[in-house]
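One structure below.
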């Protein structure tokens, strides 16, 4: 979402720079004006390129951080109503959905009403 906002702001800023550049160019005339136009055009291109690169860098950083958080490993312990340990599963954070989850092996687990799920951060030793 923030990437869309940053991109929109980038487009607005680029449009304003372009309009301001165009209106300034119309006022000037002569050979010196052409040299100034070329310098202004180069400056505008550098600014636009830097803004695009910063936006891409920020987007890549946000995407990587989000991916890294979603792929943290958790250990899910499923116990029945008596408190006996039934099973231990290793799952990614984004695969836990209420009373169901998908293991890293691809098994989809749905819990019954009498089962309890305990989630611990980190994978058990030897997992992955």
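The values are calculated or read from the model by the stated rules, or taken from the named source; none is laboratory data. Just so you know, these numbers come straight off a predicted model, no measurement behind them. Methodologically, a virtual Cβ is constructed for each residue, glycine included, from the backbone with ideal geometry; neighbour enumeration extends over all protein chains shown.
Observations on the model:
- Identity of the residue in region 21-44, touching a helix residue (DSSP H, G or I) at 6+ places or on another chain (Cβ under 9 Å) and modelled with pLDDT under 80, that ends up surrounded by the fewest Cβ atoms within 10 Å (Cβ to Cβ): 27
- Selection over region 58-87 of residues that are within 24 Å of the chain's Cα centre (by Cα) and more than 29 Å from residue 5 (Cβ to Cβ) gives a count of 2.
- Restricting 87, 69, 93 to residues that are more than 30 Å from residue 12 (Cβ to Cβ), in contact with a helix residue (DSSP H, G or I) (Cβ under 7 Å, 6 or more places away or on another chain) and modelled with pLDDT of 85 or more narrows the list to 93.
- Residue 55, sole failed condition from (1) under 20 Å from the mean Cα position of the chain (by Cα); (2) assigned by TED's automatic domain parsing to the domain that holds residue 100: (2)
- Residues in region 88-128 that are under 26 Å from the mean Cα position of the chain (by Cα), surrounded by 10 or more Cβ atoms within 10 Å (Cβ to Cβ) and not in a strand (DSSP E or B): 104, 122, 123.
- Residue match in region 59-76 (condition: in a helix (DSSP H, G or I) and surrounded by 15 or more Cβ atoms within 10 Å (Cβ to Cβ)): yes
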